[in-house]
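Structure, as structure tokens:
The values are calculated or read from the model by the stated rules, or taken from the named source; none is laboratory data. What you see is a predicted model; the values in this text were computed from it and never measured. Neighbour counts run over all protein chains shown; Cβ positions are idealised from the backbone, glycine included. Accessible surface is based on the protein model in full, side chains and every heavy atom, while ligands, DNA and RNA are left aside. Shrake-Rupley method; radii C 1.70, N 1.55, O 1.52, S 1.80 Å.
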Amino acid sequence: NAPANVYGIEADLEINPMDELILGFGFNWLDSTFGNFVVGKRQAVGGAQGGSQGRENLKFDYSGNATIAAPEFTLNGSVEYSYYIPDWGSISPRIDYSYQSQVFLDPQGLELISMPAYWYMDLYVSYLTENQDIEVAFWISNVTDQQYLVDVFDLSRQYDRILQAWGEPRMFGMTVSIAY
């Protein structure tokens, strides 16, 4: 673990312009870099006909690079409106959205091992009974089917590979909740 220099600002706001409407907004700014971060690694040095003659010590200096998975900017928000139906309950559609600026998923700070900036959106519609004991919800996550990296493993020095873990694709479903 290396020391890091981390500074940031976070602001959240929720507005209820009328009883049925809820608007949410969030903003984050983050300046997060590694402090003194030098890593020593040993690498085999080849001999005649591919044989190994020994090991070479290599130094990698990541000082000043962006910390892993730390976006400079994130935005998020939501809009929810509840329609009351007398003697039946309420129906509430909701939209959630977020934005994340580019993140590096490795201390090297390489474009190849980063996730570009992207937008993400979820939709949700729920029905809640009059006495609030049953809720039926229909939802879609990742509405635009945004492809985004969750993590990356750089194995290029040992195996000439970079493994990528991707986030979930668009999904939809239904949830039933019963309170007793």
Checklist line | Filtered residue count, the range 79-96, keeping only those that are buried (at least 16 other Cβ atoms within 10 Å of the Cβ) and closer than 24 Å to residue 27 by Cβ | finding: 3
Checklist line | Search result, residues across the range 123-146 that are under 14 Å from the mean Cα position of the chain (by Cα) and either under 23 Å from residue 178 (Cβ atoms) or in contact (Cβ under 8 Å) with a residue 40 or more places away in the chain (or both) | finding: 141
Margin query: For the range 137-165, which positions are over 19 Å from residue 68 (Cα atoms), assigned to a strand (DSSP E or B) and open to solvent by 40 Å² or more (accessible area, probe 1.4 Å)?
Written below: 138, 139, 140
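Yes/no per residue for (1) within 30 Å of residue 9 (Cβ to Cβ); (2) open to solvent by 40 Å² or more (accessible area, probe 1.4 Å); (3) touching a Leu at 6+ places or on another chain (Cβ under 8 Å); (4) assigned to a strand (DSSP E or B):
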| position | (1), (2), (3), (4) |
| --- | --- |
| 42 | no, yes, yes, yes |
| 56 | no, yes, no, yes |
| 68 | yes, yes, yes, no |
| 124 | yes, yes, no, yes |
Note to self: Tell me whether the range 82-98 contains one or more residues that are touching a Leu at 6+ places or on another chain (Cβ under 6 Å), assigned to a strand (DSSP E or B), without any contact (Cβ under 8 Å) to a residue 60 or more places away in the chain and on the phi > 0 side of the Ramachandran plot.
What the structure shows: yes
Checklist line | residue 49 vs. criteria outside any strand (DSSP E or B), open to solvent by 90 Å² or more (accessible area, probe 1.4 Å) and modelled with pLDDT under 90 | finding: yes
